[in-house]
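Peer 1: Just passing along the structure, written as structure tokens.
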Amino acid sequence: MTPRYRRQLSASSSSRPVLAATVGAALLLSLAACSGDAEGSDDSAPSGSAAAEGSAISAERCAQNEAAGTITYITGYQYQSSAGILEALAADSLGYFDALCLDVEIQPGTGDTAANAQLVAAGTAQVTSLGNDAEALKAVDGGIDVTGIATWGHVPIATLMTGTDITELTQLEGTILGHKGSLPAPLRAMLVEEGVDLDAIEQVEVGYDPTVLPRGQVQSLTGYKSNEPLLLAAMGEEVTEWNPEDYGISGSFGTIVANPAFADEHPTAVEDYLRATSKAFEYCETNGAECVGFAADVAESGYDEEHNLKIWETESALVTESTPEGSPLGFHDDALTTSEGEALIASGELDELPTVNDVFDPAFLTAIYDGTELVWPAP
């Protein structure tokens with residue numbers, strides 16, 4: 001089956017634009033179609049490929065997955081090599097979707113994850129990646145019907161950067177803080193925890209050029225651990241990162257949500273979507289450059305593979321480090337999500353917390369694991 005990619009969806013805003021790429025041409029691969037038995041596996045296939053794994057599934061399950069039709073997945077932002085995006089591109093390129101009889105179409109998002117959630121709720125797409133669990137909570141609170149099916153990272157991806165002369169967060173009072181539209185809830189909670197008077201800080205919206213910080217236009221700048229600090233370090237600029245988890249603040253990133261009606265009607269397809277992407281995530285942990293190359297292949301010229309590899313290495317390491325021993329990758333933790341939601345209430349982004357169990361359904365993920373071992377192929 002030939003992997004398919006579509007041009008950018010129309011949306012009103014974007015975030016995390018670190019790629020010069022917009023939407024690229026289709027990457028044509030010659031992949032073996034899935035079948036009801038393991039005969040005919042190609043021993044000469046790459047070690048990570050579906051054929052080498054002998055990953056046939058039963059004819060019955062294959063038929064169930066094919067009955068789901070096309071599964072449209074919208075990325076969080078373009079073809080950026082982030083957790084929640086790269087593993088889907090890799091699963092397609094490595095043949096894992098085909099091996100499980102899944103017809104997955106990948107569409108690049110613009111960074112407007114709220115719009116992505118609306119498209120999934122409307123059934124225009126079936127799966128998308130959101131920035132974190134908090135975005136899923138806000139979507140459901142706003143009447144957007146989505147179901148969280150996996151969360152890769154269990155630590156805030158947001159960071160606050162300052163010059164090295166700042167040694168206490170209270171020193172930010174009387175200064176200018178730059179953000180991308182609003183102060184992320186985990187950073188707000190961190191500042192409050194440290195006794196900072198937020199009213200004494202001038203908050204301004206800035207663009208996506210992190211050099212506004214070393215140039216002195218702002219004295220603190222919000223960003224993502226896997227992006228702005230890496231860009232500044234590559235420029236030789238030294239900054240101090242202030243991370244919410246160091247102050248006991250909960251957070252997450254790489255949250256995957258699905259259309260609830262689709263998931264109810266086609267549970268094996270949702271399970272096997274997670275199965276394929278989870279296997280690809282594991283593959284990309286040790287083959288990062290190759291997986292970033294898959295993303296570069298479907299993006300237009302200007303894709304910064306060096307920086308995107310750093311993004312992937314940073315985020316995949318955070319996923320591994322924040323996954324407790326005994327829990328599978330992508331697991332959901334009600335307590336952590338509840339704590340994240342309480343930060344939204346404290347920041348005024350939510351009036352009340354939706355019932356977490358109504359927003360997230362861990363059953364699809366637990367179905368594909370035996371403890372912490374991914375079951376491959378599907379039973």
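The values are calculated or read from the model by the stated rules, or taken from the named source; none is laboratory data. Every value quoted in this text rests on a predicted model; they were computed, and no experiment measured them. Backbone-built Cβ (ideal geometry, glycine too); neighbour counts: all protein chains shown. Calculation scope for accessible area: heavy atoms of the full protein, side chains included, ligands and nucleic acids excluded. Shrake-Rupley method; radii C 1.70, N 1.55, O 1.52, S 1.80 Å.
Peer 1: Round to a whole number: what % of the accessible area of the stretch 276-356 belongs to carbon and sulfur, probe 1.4 Å?
Peer 2: 45
Peer 1: If every alpha-carbon in the stretch 158-247 counts as one equal scatterer, what log10 I(q)/I(0) does Debye give at q = 0.14, 0.18, 0.25 1/Å?
Peer 2: The computed values of log10 I(q)/I(0) come out as -0.41, -0.70, -1.48.
Peer 1: Let me ask something else about it. Give the shape of the stretch 214-351 as rounded, prolate or oblate, defined through the alpha-carbon gyration tensor: a ≥ b ≥ c are the square roots of its eigenvalues, a/c under 1.5 means rounded, and otherwise the shape is prolate if a/b is larger than b/c and oblate if not.
Peer 2: Oblate, because a/c is 1.5 or more while a/b does not exceed b/c.
Peer 1: Near Lys138, which lysines are there with a Cα under 25 Å away, not counting those fewer than 8 places off in the same chain?
Peer 2: Lys180, Lys225
Peer 1: How big is the gap, in Å, between the Cα center of the stretch 79-108 and the Cα center of the stretch 193-220?
Peer 2: Comparing the Cα centres of the stretch 79-108 and the stretch 193-220, I get a distance of 37 Å.
Peer 1: Something else: Restricting attention to the stretch 202-296, which chymotrypsin sites (Phe, Trp or Tyr not before Pro) occupy a DSSP loop and are surrounded by at most 16 other Cβ atoms within 10 Å?
Peer 2: Here the sparse-neighbourhood loop sites are Tyr208.
Peer 1: Suppose accessible area is computed on protein heavy atoms with a 1.4 Å probe; arrange Arg188, Arg275, Arg61 from highest to lowest.
Peer 2: My answer, sorted largest first, is Arg188, Arg61, Arg275.
Peer 1: In the P(r) worked out for the chain, what percent of Cα pairs fall beyond 27 Å?
Peer 2: I get 47 percent for the Cα pairs in the chain exceeding 27 Å.
Peer 1: What does the C-alpha gyration tensor say about the overall shape of the stretch 141-300? Classify as rounded when a/c is under 1.5, otherwise prolate if a/b is larger than b/c, or oblate.
Peer 2: Prolate shape, in that a/c is at least 1.5 and a/b is the bigger ratio.
Peer 1: Could you sort 311-323, 345-357 so that the peptide with the highest average Cβ count within 10 Å comes first and the rest follow in order?
Peer 2: The peptides rank, most packed first, as 311-323, 345-357.
Peer 1: Rounded to the nearest 500 deg cm²/dmol, what is the calculated helix-only ellipticity per residue at 222 nm for the chain, with -39500 (n - 2.57) per DSSP H run of length n ≥ 4?
Peer 2: Computed ellipticity for the chain at 222 nm equals -10000 deg cm²/dmol.
Peer 1: Please work out the FRET efficiency for the pair Asp264 and Glu194, using the Cβ-Cβ distance as r and a Förster radius of 45 Å; give the result to the nearest 0.05.
Peer 2: Efficiency for this residue pair is about 0.50.
Peer 1: Another question, if that's okay. I'd like to compare 162-172, 63-73: which one has the highest average count of other Cβ atoms within 10 Å, and what's the full order after that?
Peer 2: 63-73, 162-172
Peer 1: Quick one: with all protein chains in place, what share of the accessible area of the stretch 158-247 is carbon or sulfur, to the nearest percent (1.4 Å probe)?
Peer 2: Exposed carbon and sulfur together represent 43 percent of the surface.
Peer 1: On average, how much accessible surface per residue is there in the stretch 158-247, in Å², for a 1.4 Å probe, leaving out ligands, DNA and RNA?
Peer 2: That works out to 45 Å² for each residue.
Peer 1: Moving on. On average over all directions, what projected area in square nanometres does the stretch 109-210 have, based on the convex hull of its Cα atoms?
Peer 2: Mean orientational projected area (the stretch 109-210, Cα hull): 8.0 nm².
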